[in-house]
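Here's the structure we're looking at; comments come further down.
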Amino acid sequence: MKTMISAILIGVVCISVSFAQDQPKQVEVGDNIPAFNANDDQGDLWQSSTHLAKGKYLVVYFYPAAMTGGCTAQACTYRDNVEDLKKLNIDLVGVSGDPVNNLKLFKQAHALNFPLVSDVNGFIANLFGVPSRQGGSFKTTVNSKAVTLIRPTTTSRWTFILDDQGKVLYKDTQVNAQQDTAKVLAFIKTLQ
C-alpha cells in the first residue's frame, strides 16, 4: 500500500512539473523582454540586440507553421507592407517552431523580405509567454516537389511590438492573420 501511494504521489508530482513547464509566464504590456538569439532562415544567428537600442521598434510575430494557409497569408501581408513598416522605423521578425530548412523554403516560396527565426525548442515563445505545444508534420509542394515539413513545436499566433529598450508596447493574442500588419501599422502611428 505504501509503495502504491508513493507511486501515485510521484505521478502527481511528474504531472504537475510537466504542466508547469507547458504554461509560460504571462507577459504584459510594460514588461521588458530580455535579449534573445535564434538561427534565422539562412542558418545564421539572429540577435534581437542588433535590432533594439537603435531607436527602432521591433515587431515580433509568432505563427504556428510555415507554408500553411493562415501563416502564409500573414507573412505575405507583412511582405507586401515592409516598406511602410520601414518608414515608421519598424524592424520585423517572424518566429515559429519550424527548423531552419522549413523557414528557408517558406521564405523562398513566397519571396519574403524579412527574417524568420527558428524556435524549435519553444524558448522564445516561452520568453514572451506564448503558448506552445508539440508540433507535427505538413505535406506540401515546393518547386514542384512533394515535401513533408516536420516541426518539433507549434506556437499560438500572437504579435508583440517592442520599443528600442525591449519593453512590450503592444500585445495581440487574438491575431487575425490577414489584418495583423494593418493593426501593427495603426498602433505605431498612434505613437508618433
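The values are calculated or read from the model by the stated rules, or taken from the named source; none is laboratory data. Being a predicted model, the structure only gives us computed values, none of them experimental. Reconstructed Cβ throughout: ideal geometry from the backbone, glycine too, with neighbour counts over all protein chains shown.
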Query - Condition met for ALA73 (in contact with a strand residue (DSSP E or B) (Cβ under 6 Å, 6 or more places away or on another chain) and either assigned to a helix (DSSP H, G or I) or of a type in the set (Val, Ile, Thr) (or both)) - result: no
Query - Where ALA109 falls short, out of the listed (1) among the aliphatic types (A, V, I, L, M); (2) over 22 Å from ILE90 (Cα atoms); (3) touching a Ser or Thr at 6+ places or on another chain (Cβ under 6 Å) - result: (3)
Query - Qualifying residue in segment 122-133 (condition: polar (S, T, N, Q), farther than 18 Å from GLY70 by Cα and part of a helix (DSSP H, G or I)) - result: yes
Report task. Would you be able to say whether some residue in segment 109-116 is surrounded by 19 or more Cβ atoms within 10 Å (Cβ to Cβ) and out of contact with any Lys or Arg (no Cβ under 9 Å at 6 or more places or on another chain)? Result -> no
Requested in this report: Could you list all residues from segment 168-192 that are out of contact with any Ser or Thr (no Cβ under 9 Å at 6 or more places or on another chain), farther than 16 Å from ALA125 by Cα and exposed (fewer than 15 other Cβ atoms within 10 Å of the Cβ)?
Outcome: ASN176, ALA186, LYS189, THR190, LEU191, GLN192
Report task. Please specify each residue of segment 118-148 satisfying the condition of being of a type in the set (A, V, I, L, M), closer than 20 Å to GLN42 by Cβ, touching a Ser or Thr at 6+ places or on another chain (Cβ under 9 Å) and surrounded by fewer than 17 Cβ atoms within 10 Å (Cβ to Cβ). Result -> VAL147
Requested in this report: Would you mention how many residues in segment 169-189 are part of a helix (DSSP H, G or I) and under 16 Å from VAL60 (Cβ atoms)?
Outcome: 7
Report summary line: ILE124 fails exactly one of (1) among the β-branched types (Val, Ile, Thr); (2) out of contact with any strand residue (DSSP E or B) (no Cβ under 8 Å at 6 or more places or on another chain); (3) at pLDDT 95 or above, namely (2)
Query raised in the report: Out of all the residues in segment 156-192, which are among the polar types (S, T, N, Q) and within 18 Å of ALA75 (Cα to Cα)?
Result: SER156, THR159, THR173, GLN174, ASN176, GLN178, GLN179, THR181
Requested in this report: Within segment 52-84, work out how many residues are farther than 22 Å from PRO131 by Cβ and crowded, with 20+ Cβ neighbours inside 10 Å.
Outcome: 2
Query raised in the report: Restricting the search to segment 81-107, which residues are farther than 22 Å from GLY166 by Cβ, assigned to a helix (DSSP H, G or I) and in contact (Cβ under 8 Å) with a residue 40 or more places away in the chain?
Result: ASP84, VAL100, ASN102, LEU103, LYS104, LEU105, PHE106, LYS107
